[in-house]
Amino acid sequence: MRSPEPKTALPTLETASLAARQFGAAVGETTSGDLHLVNAGVNTVYRAGDMALRMVREEQKDRNYLTPPLEWLRHLHAAGAPVCEPLPTLDGEWIGAFRQDSDTFLATAVRWVDGLRLSELPATPTLYREYGRSIGRLHRASRGYVPSPTAPHMLGLEEGGVFARWESLWQRAAEHVSGAPVLQRAFERLTPDVLAWGAEERVTTHGDLRPGNVIWQGSVTASSVVGSSAVVIDFDEPVLGPAALDLARAALELNAEERPTLLAALLEGYRLEHGLGAVWDARIPTLMAARAALMCAWNMEDGPPASDTGGGATGSGEVVSLPTLLSRLERWDF
């Protein structure tokens, strides 16, 4: 589900200021003021006062791509899930369009959340238990989501609903693995499980619920949390599939030594908020391998990956780079 690589030009400060003001931020027209660049990837993200403003070229992500995740996010926030509050424009629209030379940038906004990314904190069982609870709360709220009758399919696929099914993404990615023997073997090994489990009960999953996409508010020690809140961000890749997909992505960046303890804590926290059959405990390592294989296939299709905030700051970087993932698939390190 990755988007094409961006052109080199970004929204100018003038364009970003115009967009921020349209969403109600008090910023100047041509001076930075309270407008601060946070990320310069496919999605250009600014902090504008108490909001996060995201801008992307319409040719990369059009309204059909942006609308379903934004609609789902509005539902999640209204249902009390641990997510950022989506914000409308002054005209009551959820997506703003802004011309810049020959380009059109589409903008969306959410309430800013202060705190550290989980990827910036020491991984402890206490922290991962709260991480799991956050994922469980998100899935519980997602159960009540019904797309609006006019919502388009996010990727334009000819299938029901508005989000891609896990097995559909897998089958599309399989077309790009023939040039890598390690990846081809992984797809051959994993395909029966992916197709079988994809047919079981589905939930709308975040799709990229790595530690870098969770903001931690509060303090944490080895044995307790104080004023804790794990807020999920970056709703860019929702997927219909088993709930354990998000848990597998959360565990993908854990090393072999810490993985058993932290995965157990993650599952414990998740089950405090949302049901998960015991059969999935044994399946999660396979789902981790499948997620790694899928990320490799996407990279081979689109070229080197583009990061929203760059490398280790989001909890990815070398941990999920193409060479590292291929090496893990060769060793079956999951």
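The values are calculated or read from the model by the stated rules, or taken from the named source; none is laboratory data. Computed from a predicted model, the values in this text were never measured in an experiment. Quick reminder, even Gly has a Cβ in these numbers, built from the backbone with ideal geometry, and neighbours come from all protein chains shown.
Scan the range 233-247 and tell me whether some residue there is loosely packed, with under 14 Cβ neighbours inside 10 Å and out of contact with any His (no Cβ under 6 Å at 6 or more places or on another chain).
Looking through the range 233-247, none of the residues is loosely packed, with under 14 Cβ neighbours inside 10 Å and out of contact with any His (no Cβ under 6 Å at 6 or more places or on another chain).
Hey, could you check the range 139-159 for residues that are in a loop (DSSP other than H, G, I, E, B) and among the aliphatic types (A, V, I, L, M) and say which is surrounded by the fewest Cβ atoms within 10 Å (Cβ to Cβ)?
Residue satisfying both the conditions and the ranking: Val146.
Could you please give the count of residues in the range 222-253 that are under 19 Å from Ser327 (Cβ atoms) and at pLDDT below 95?
The number of residues fulfilling the criteria is 1.
Looking at Arg74, Arg99 in this structure, which one is in a helix (DSSP H, G or I), surrounded by fewer than 19 Cβ atoms within 10 Å (Cβ to Cβ) and modelled with pLDDT of 95 or more?
Answer to the selection: Arg74.
Would you pick out the residues in the range 243-256 that are in contact (Cβ under 8 Å) with a residue 24 or more places away in the chain and either among the hydrophobic types (A, V, I, L, M, F, W, C) or not in a helix (DSSP H, G or I) (or both)?
Residues satisfying the conditions are Ala243, Ala244, Leu245, Leu247, Ala248, Ala250, Ala251, Leu252, Glu253, Leu254, Ala256.
Here is a check on your reading of the model: is Gly92 small (Gly, Ala, Ser) and either closer than 25 Å to Glu14 by Cα or part of a loop (DSSP other than H, G, I, E, B) (or both)?
Spelling it out, Gly92 is indeed small (Gly, Ala, Ser) and either closer than 25 Å to Glu14 by Cα or part of a loop (DSSP other than H, G, I, E, B) (or both).
Kindly indicate whether Trp197 is in contact with a Gly (Cβ under 9 Å, 6 or more places away or on another chain), in a helix (DSSP H, G or I) and under 16 Å from Cys296 (Cα atoms).
No, not satisfied.
Select from the range 277-334 the residues that are charged (D, E, K, R) and at pLDDT 75 or above and write down the one among them that is farthest from Arg259 (Cα to Cα).
The qualifying residue farthest from Arg259 (Cα to Cα) is Glu330.
Within the range 189-197, identify whether any single residue is at pLDDT below 95 and not hydrophobic (A, V, I, L, M, F, W, C), and answer yes or no.
Within the range 189-197, not a single residue is at pLDDT below 95 and not hydrophobic (A, V, I, L, M, F, W, C).
So Thr108 fits all but one of (1) touching a residue at least 24 places away in the same chain (Cβ under 8 Å); (2) in contact with a Gly (Cβ under 8 Å, 6 or more places away or on another chain); (3) buried (at least 18 other Cβ atoms within 10 Å of the Cβ); (4) over 23 Å from Leu155 (Cα atoms); what number is the exception?
Tallying (1) touching a residue at least 24 places away in the same chain (Cβ under 8 Å); (2) in contact with a Gly (Cβ under 8 Å, 6 or more places away or on another chain); (3) buried (at least 18 other Cβ atoms within 10 Å of the Cβ); (4) over 23 Å from Leu155 (Cα atoms), Thr108 fails exactly one: (4).
Mind checking which residues of the range 49-74 are within 12 Å of Thr108 (Cα to Cα) and among the small types (Gly, Ala, Ser)?
Ala52 - this is the single residue of the range 49-74 that is within 12 Å of Thr108 (Cα to Cα) and among the small types (Gly, Ala, Ser).
From the set of residues in the range 116-138 that are surrounded by fewer than 16 Cβ atoms within 10 Å (Cβ to Cβ) and within 18 Å of the chain's Cα centre (by Cα), which is farthest from Leu87 (Cα to Cα)?
Glu120
Does the range 257-279 contain at least one residue that is within 19 Å of Asn213 (Cα to Cα), assigned by TED's automatic domain parsing to the domain that holds Gly212 and assigned to a loop (DSSP other than H, G, I, E, B)?
no
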